[in-house]
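J.: Here it is, the structure in full.
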Number of protein chains: 2
Amino acid sequence: MNSGRILSVQSHVAYGYVGGKAAAFPLQCLGYDVDVVNTVHYSNHAGYARAGGTKTTAAELREIFESMERNELLNPSRLLTGYIPNAEALSAVKGLAEKLTSENSNLTYLLDPVMGDSGRLYVAADVVPVYRDMLPLSTIITPNGFEVETLTNISLTCLDSLLQALTKLHVTHRVPHVVISSISLQPWLARMLPPDLRPTDEADHLLCITSSRRDDGSETPFRSTIHAQTVPLLPGYFSGVGDLFSALLLGHFDPSTPPSTALPRAAAQALARTHAVLSRTLEFSRSLPEEEQLPSDDEKDKQNPLRKTRRMRGRELRLVQSLDILTEKRDREMVELPGIWDVSMN
Amino acid sequence: MNSGRILSVQSHVAYGYVGGKAAAFPLQCLGYDVDVVNTVHYSNHAGYARAGGTKTTAAELREIFESMERNELLNPSRLLTGYIPNAEALSAVKGLAEKLTSENSNLTYLLDPVMGDSGRLYVAADVVPVYRDMLPLSTIITPNGFEVETLTNISLTCLDSLLQALTKLHVTHRVPHVVISSISLQPWLARMLPPDLRPTDEADHLLCITSSRRDDGSETPFRSTIHAQTVPLLPGYFSGVGDLFSALLLGHFDPSTPPSTALPRAAAQALARTHAVLSRTLEFSRSLPEEEQLPSDDEKDKQNPLRKTRRMRGRELRLVQSLDILTEKRDREMVELPGIWDVSMN
């Protein structure tokens with residue numbers, strides 16, 4: 001049983017599991033007290049045809065943080081930030097992170113720079129520079145491939161570009177731990193894996209990569225400790241998966257172990273559990289009546305928005321039905337790639 | 001493992017466990033998907049020296065409910081409503097309850113008329129008539145003694161007054177199930193208990209009373225099925241206890257069993273678990289350094305508001321540390337008081 005207090009600042013939806021709704025329950029099951037501040041208060045996530053509700057203003061966020069502080073309630077051992085819809089609100093969260101990190105050098109801060117996916121931003125563009133400013137405050141960041149590209153201005157097209165992007169995040173932006181939770185296993189990524197990690201059907205797999213800085217980043221040439229693991233790609237789109245993964249990663253991260261093992265161990269736990277919850281969700285969605293699992297079809301969705309809604313509803317994470325997965329021992333061991341920096345530089 | 005979907009509409013605090021924060025985790029541990037709509041977004045509960053944040057407006061609540069409905073996401077099998085700060089917001093919730101009960105005659109609606117305690121209202125006075133209007137929509141209500149008095153305008157001073165109040169709630173207000181979760185065990189209440197239920201130290205006990213209507217309430221003279229159980233009173237003040245009890249009661253209520261047993265069985269489960277969580281919380285608070293468990297002293301609290309804050313902080317429910325209590329089998333059997341209506345009428 002863990003003990004400790006995690007302050008989670010992310011979105012809230014009434015129905016379904018994204019943002020805080022995907023993060024709080026798993027962390028509570030691990031034994032953490034979770035302080036929950038909501039950056040939005042919506043009916044449901046944006047994958048549905050419609051969403052109603054309000055964004056929390058920067059002033060409201062500041063008032064809540066200040067009130068907690070004045071009551072001596074602002075004392076988490078870990079900070080988790082996720083979806084924050086605009087630069088004003090993000091600046092309020094930046095102020096919080098600055099305060100907490102300056103007061104507690106042992107704070108573990110997982111910053112999930114939720115900005116977009118597959119080439120599309122789903123936050124206001126002016127959040128990007130604020131996130132860049134915040135990177136040095138973080139302990140761990142969990143961008144997806146698109147978010148790595150957005151933060152570093154480096155397109156991920158080959159092993160060298162990946163290593164350049166990691167170097168920029170670790171050295172320029174002073175991030176100790178980077179986790180790319182899932183990136184599609186393109187051939188150049190598959191080639192960097194040891195043979196026994198390479199799946200026979202590369203197209204049907206995702207890759208999870210962790211990279212930990214070994215020291216203060218001043219080593220020349222820069223080298224980080226990189227681990228990787230693949231997971232089978234499940235068909236269809238599920239929401240809240242990244243939020244669940246980040247929460248589990250933070251919950252399983254043990255800052256008292258050496259940096260080179262703390263991150264891959266936590267990622268192994270988060271990866272296995274996320275994949276298991278997702279598999280259970282897929283199994284459930286396949287058990288639904290046919291009209292609830294209509295395949296993606298943008299044109300038909302446009303004619304009948306409820307088509308998309310019904311598909312989404314059947315694909316909400318089966319989180320409360322996964323208490324066993326969240327609490328039992330399981331991992332998907334991350335494999336170190338010790339030679340990767342040498343291979344690349346040749 | 002239960003399955004089903006509970007829509008919970010009550011307060012949200014970032015830190016600690018009251019309202020939705022006290023209700024969602026236990027219900028999720030029981031296997032329910034919980035849809036969470038927040039009536040306030042505060043830093044902490046009102047027991048602390050200060051609280052910051054905002055109330056959700058009636059328009060915002062309506063927008064969320066409507067958006068859920070348009071997305072076909074407004075389909076809970078159970079509804080749970082708790083703290084709602086003013087009459088406008090409560091009217092929006094009333095609209096929701098009317099809609100859900102009219103569309104689904106099997107909806108189980110637990111209405112906790114959170115208004116005050118120990119003679120003091122902590123919501124605006126104009127909520128009282130709205131709650132009275134809502135009573136016929138409910139399946140179960142969980143008022144405390146003061147809230148029974150407020151709803152019925154009957155002072156609870158003797159067995160006859162209690163039976164009159166229950167009759168008014170069951171007959172005039174058409175409530176099927178009434179649970180008075182905790183009322184201090186005054187001598188007139190102790191006298192109505194069978195000898196083996198009567199504790200030797202009455203002053204140190206609370207009484208939980210359940211009352212289920214046997215039919216449509218037209219029987220003359222009116223009789224309900226009444227059960228009772230005592231629990232030892234734990235010293236000091238804890239927040240969120242009523243919210244936890246109501247959530248557990250709803251979670252354990254099995255509408256497929258006869259009305260005369262469904263309520264006392266659910267109450268037995270809720271009572272035992274709430275008491276166990278509370279005992280664990282007290283044990284924890286006693287393990288804290290002395291400066292964190294300063295006894296109640298209004299004068300000293302006024303001079304130093306942090307005194308009260310620190311006491312409150314050490315008394316937040318140990319909810320996430322009670323996963324075992326929330327999921328293992330345990331109850332505190334409710335005992336039927338079959339002769340109570342006859343005794344009274346003599």
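The values are calculated or read from the model by the stated rules, or taken from the named source; none is laboratory data. Worth saying up front: this structure is predicted, and the values here are computed from it rather than measured. Here the Cβ is made from the backbone with ideal geometry for all residues, glycine too, and neighbour counts use every protein chain on show. When the accessible area is computed, the model is the full protein with side chains, heavy atoms only, and any ligands, DNA or RNA have been set aside. Shrake-Rupley method; radii C 1.70, N 1.55, O 1.52, S 1.80 Å.
J.: Could you run the Karplus curve 6.51 cos²θ - 1.76 cosθ + 1.60 with θ = phi - 60° over the stretch A:254-265 and give me ³J(HN,Hα) per residue in whole Hz, x for Gly and Pro?
T.: Ordered by residue, 3J(HN,Hα) equals 10, x, 7, 9, x, x, 6, 10, 4, 6, x, 5 Hz.
J.: Place +1 on the Cβ of every Lys and Arg and -1 on the Cβ of every Asp and Glu in the stretch A:107-213, take the dipole about the Cα centre, and give the residue among A:200, A:140, A:122 whose Cα lies farthest towards its positive end.
T.: A:140
J.: Dividing the convex hull volume of the alpha carbon atoms of the protein assembly as shown by its residue count, what do you get in Å³ per residue? If you can, show how the numbers build up before the last one.
T.: Details: hull volume 109.3 nm³, N = 692.
Per residue, the Cα convex hull of the protein assembly as shown comes to 158 Å³.
J.: May I ask which residue of B:262, B:52, B:96 lies farthest towards the positive end of the charge dipole of chain B, with charges of +1 (Lys, Arg) and -1 (Asp, Glu) on Cβ and the Cα centre as origin?
T.: Result: B:52, furthest along the dipole toward the positive end.
J.: Can you work out the Karplus-derived ³J(HN,Hα) for every residue in the stretch B:266-282? Use 6.51 cos²θ - 1.76 cosθ + 1.60 with θ = phi - 60°, whole Hz, and x for glycine or proline.
T.: In residue order, the calculated couplings are 5, 5, 4, 5, 5, 5, 5, 5, 4, 5, 5, 4, 5, 4, 5, 5, 4 Hz.
J.: Grab the other residues whose beta carbon is less than 10 angstrom from that of residue B:16, score K and R as +1, D and E as -1, and report the net.
T.: Details: positive: B:21, B:313, B:315; negative: A:33, A:35, B:316.
For residues surrounding residue B:16, the net value is 0.
J.: Continuing with this model, one more query. Given a cut-off of under 8 Å on Cα pairs at least six residues apart, what relative contact order in percent is computed for the stretch B:5-345? Before the final figure, lay out the partial values.
T.: Values: 620 pairs, mean separation 56.4, N = 341.
The value is 17 percent.
J.: Continuing with the same structure: Got a sec? What order do A:188, A:341 fall in by accessible area at 1.4 Å, biggest, i.e. largest, first?
T.: Working: A:188 30, A:341 5 Å².
Of A:188, A:341, the descending order of accessible area is A:188, A:341.
J.: Amide H neighbours of residue A:52 under 5 Å, at least 5 residues apart or on other chains, H built in the peptide plane: list them.
T.: A:43, A:44
J.: Under the Karplus relation 6.51 cos²θ - 1.76 cosθ + 1.60, θ = phi - 60°, what is the ordered set of whole-Hz ³J(HN,Hα) values for the stretch B:9-17, x standing for Gly and Pro?
T.: Using θ = phi - 60°, the values come out as 10, 6, 6, 10, 10, 5, 9, x, 10 Hz.
J.: A further question follows. Run a plain Debye calculation on chain A (Cα atoms as equal point scatterers, no solvent) and give log10 I(q)/I(0) at q = 0.12, 0.13 Å⁻¹, rounded to two decimals, same order as the q list.
T.: The calculated log intensity ratios at q = 0.12, 0.13 Å⁻¹ are -0.86, -1.03.
J.: Could you let me know the centre-to-centre spacing of the stretch A:1-49 and the stretch B:17-49, using Cα atoms, in angstrom?
T.: The distance from the Cα centre of the stretch A:1-49 to that of the stretch B:17-49 comes to 12 Å.
J.: Need the C-alpha centroid separation for the stretch B:194-240 versus the stretch B:268-343, integer Å.
T.: Between the Cα centre of the stretch B:194-240 and that of the stretch B:268-343, the gap is 19 Å.
J.: Still on this structure, I have one more. Compute, for chain A, the length of the dipole vector about the Cα centre, with Cβ point charges of +1 (Lys, Arg) and -1 (Asp, Glu) only. Units Debye, rounded to 20.
T.: The dipole magnitude comes to about 420 debye.
J.: Take the Cα atoms of the stretch A:300-340, build their convex hull, and give its volume per residue in Å³. Walk me through the numbers on the way to the answer.
T.: On the way: hull volume 4.7 nm³, N = 41.
It comes to 115 Å³ per residue, whole-number rounded.
J.: Which distances, shortest first and in nm, link residue B:260 to the matching position in the other copies, using label points set 7 Å out along Cα to C-beta?
T.: Sorted ascending, the copy-to-copy spacings read 7.3 nm.
J.: What does the copy distance list look like for residue A:126, label position 7 Å along Cα→Cβ, in nm and ordered from shortest?
T.: 3.8
J.: Continuing with this model, one more query. Hey, which of these cross-link pairs are over 24 Å Cα-Cα: A:21/B:308; B:94/B:168; A:94/A:168?
T.: Numbers: A:21/B:308 31 Å; B:94/B:168 21 Å; A:94/A:168 21 Å.
Violating the 24 Å Cα-Cα cut-off are A:21/B:308.
J.: Dipole size in debye (nearest 20) for the protein assembly as shown around its Cα centre, Lys and Arg Cβ +1, Asp and Glu Cβ -1? Please report the intermediate quantities before stating the final value.
T.: Numbers: 68 positive and 82 negative charges, 4 e Å.
Computed charge dipole of the protein assembly as shown: roughly 20 debye.
J.: Moving on to the next point. Inter-copy label distances at residue A:66, 7 Å along the Cα→beta-carbon direction, one decimal in nm, shortest first?
T.: Distances between equivalent label points, in nm: 3.3.
J.: How big is the dipole moment of the stretch B:229-346 about its Cα centre under a simple scheme where the beta carbon of each Lys and Arg is +1, that of each Asp and Glu is -1, and everything else is neutral? Debye, nearest 20, please. Write down the numbers at each step before the final one.
T.: Numbers: 16 positive and 17 negative charges, 71 e Å.
Roughly 340 debye, rounded to the nearest 20.
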